Amino acid sequence: MSQPLLAAGSEKSTSDSLLSRGSLAALDPRMRIVVAAIYAIVVVSLSDFAALGLALGFAFCLLPLSGLPIKRTLKRMIGMDSFIIFTLLILPFSVPGTPIFTVWGFVASYEGLWQAIEIALTANAAILGLMCLVGSMEPVAMGHGLHALRVPERLVQLMMFTIRYIEVLREEYMRLRAAMKVRGFRPGTNWHTYRSFGYLVGIMLVRALERSERILGAMKCRGFTGRFVLLERFKMQKRDWTFVALTGLAILALIAVELRHAIA
Amino acid sequence: MPLLELSDIKFAYPGHDPILNGASLSLEAGERLSILGPNGAGKSTLLKMIVGLLKPDAGQVSVFGETRDQEADFHDVRRRVGFVFQDPDDQLFSPTVAEDIAFGPLNLGKSRDEALALVDNILAKLALTHLRDRITHRLSGGEKRLVTLATVLVMEPEVLLLDEPTNALDEENEERLVEILSGLPQAMLLISHDPKFRARVAPSAYRLRAGVLTRED
């Protein structure tokens with residue numbers, strides 16, 4: 001799990017080549033966020049099948065480079081697909097046009113089918129690209145990247161505190177749940193269960209509040225006056241620029257394929 | 001002139017019986033004292049008063065020879081007194097170890113480079129350099145404790161306040177902690193339920209009973 005996050009583009013320069021496994025993790029997080037955003041915007045504005053297919057292909061190329069577990073990542077992508085599956089199934093029937101076949105008197109049209117395929121390709125290419133470029137990032141590196149990209153400091157700090165304390169809260173929750181379990185608590189559909197979970201949530205809120213006060217106290221003891229300073233300074237390196245050039249070319253290629261009929 | 005002097009401190013948490021009832025204590029430069037007493041006797045409360053996180057209902061807190069009363073009086077105290085909290089998770093709030101240690105020096109107005117130099121310096125001194133780039137919440141309990149000590153020592157405090165520093169420490173890390181603390185020049189005020197640890201770090205003691213401190217030697 002622990003990747004060299006300070007190395008995220010700054011201090012340490014490793015000798016791994018651009019194409020080694022998991023090498024996206026070594027690239028500048030700012031650059032990855034910006035590239036991912038541009039890629040996503042371009043992909044959602046494509047409508048040509050060849051261009052969309054190519055975009056999906058590019059995203060698949062990124063997958064082995066991202067260092068993400070391939071099987072689990074694809075499973076997540078399918079998870080996203082299950083949200084849009086009904087739209088995809090209904091589209092061929094709801095869009096009028098040249099009929100393909102009829103189900104219970106409903107006519108499916110080619111036009112609708114194409115639209116469904118277009119949406120499926122767009123969504124998958126965009127989500128896979130985002131997962132590879134941004135999802136592979138340590139949350140902390142992402143916070144630093146967003147800060148460097150001038151995202152409002154408060155939002156970044158909220159995110160950083162969340163990253164920092166979500167595990168502490170989870171552990172507290174697990175401890176309390178375990179303590180309930182060893183006293184024979186088995187959740188069911190009854191008032192005792194609702195009330196007990198109510199107490200659980202309540203006590204977690206109280207403890208979180210108390211903890212936040214202790215943290216503020218500890219921060220004051222170290223001279224905190226209300227301003228945070230993040231240490232990271234990113235510097236674009238040669239391999240970052242190489243990556244920008246490659247993805248830039250890929251994005252231009254997508255646009256060229258999309259517009260090939262208009263140009264020709 | 002004592003570094004710290006609490007005289008006749010009275011305090012009650014809102015809605016509770018008084019917890020401190022005329023407690024007095026003084027700590028000289030280089031002196032190391034423990035505070036003994038049962039759970040909930042008000043030992044942590046006492047330490048919090050020294051750095052102004054709590055204000056006494058009556059009595060006087062004087063630190064470095066000056067009476068401290070208002071919030072502003074304590075800004076200077078907090079820079080010069082190092083407080084190690086009971087729960088390391090309360091103290092380590094930054095994402096990475098280096099950032100957490102740099103937090104104090106940056107608050108003292110050091111530049112980024114100066115702060116980083118101090119971070120590397122203190123980590124080397126405590127032989128913790130391997131933890132520099134780690135994410136704070138993924139450290140083990142012992143590592144967290146030693147890092148909290150680094151976050152406090154990097155500010156070069158004149159006094160250390162230690163609240164149950166051996167909490168959740170295994171023997172090996174406790175040994176490290178004793179070694180580090182014994183090698184420090186600072187005066188210390190220690191709260192610990194561990195008699196062996198007390199005997200090695202700060203054998204002289206005050207006992208807190210019924211809201212009053214009595215010297216025990």
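The values are calculated or read from the model by the stated rules, or taken from the named source; none is laboratory data. Model, not experiment: these values are computed from the prediction. Reconstructed Cβ throughout: ideal geometry from the backbone, glycine too, with neighbour counts over all protein chains shown. To get the accessible areas, we keep the full protein, side chains included, count just its heavy atoms, and leave off ligands, DNA and RNA. Shrake-Rupley method; radii C 1.70, N 1.55, O 1.52, S 1.80 Å.
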Taking B:Gly141, is it at the interface with chain A (Cβ under 9 Å from one of its Cβ atoms), of a type in the set (Gly, Ala, Ser) and touching a residue at least 12 places away in the same chain (Cβ under 8 Å)? no
Checked against (1) small (Gly, Ala, Ser); (2) assigned to a helix (DSSP H, G or I); (3) in contact (Cβ under 8 Å) with a residue 12 or more places away in the chain, B:Ser94 satisfies every condition except (2)
Only one of A:Gly248, A:Gly198, A:Gly226, A:Gly202 is at pLDDT 85 or above, of a type in the set (Gly, Ala, Ser) and under 26 Å from A:Pro139 (Cα atoms), namely A:Gly248
Of those in the range B:148-205 that are open to solvent by 10 Å² or more (accessible area, probe 1.4 Å) and among the hydroxyl-bearing types (Ser, Thr, Tyr), the residue farthest from B:Leu46 (Cα to Cα) is B:Ser182
Of the listed residues (A:Glu153, A:Glu138, A:Glu118), the one being more than 19 Å from the chain's Cα centre (by Cα), closer than 30 Å to B:Asp89 by Cα and in contact (Cβ under 8 Å) with a residue 40 or more places away in the chain is A:Glu153
Practice item. Answer yes or no: is there a residue in the range B:106-117 that is open to solvent by 10 Å² or more (accessible area, probe 1.4 Å), within 13 Å of chain A (Cβ to nearest Cβ) and within 26 Å of B:Thr166 (Cβ to Cβ). Key: no
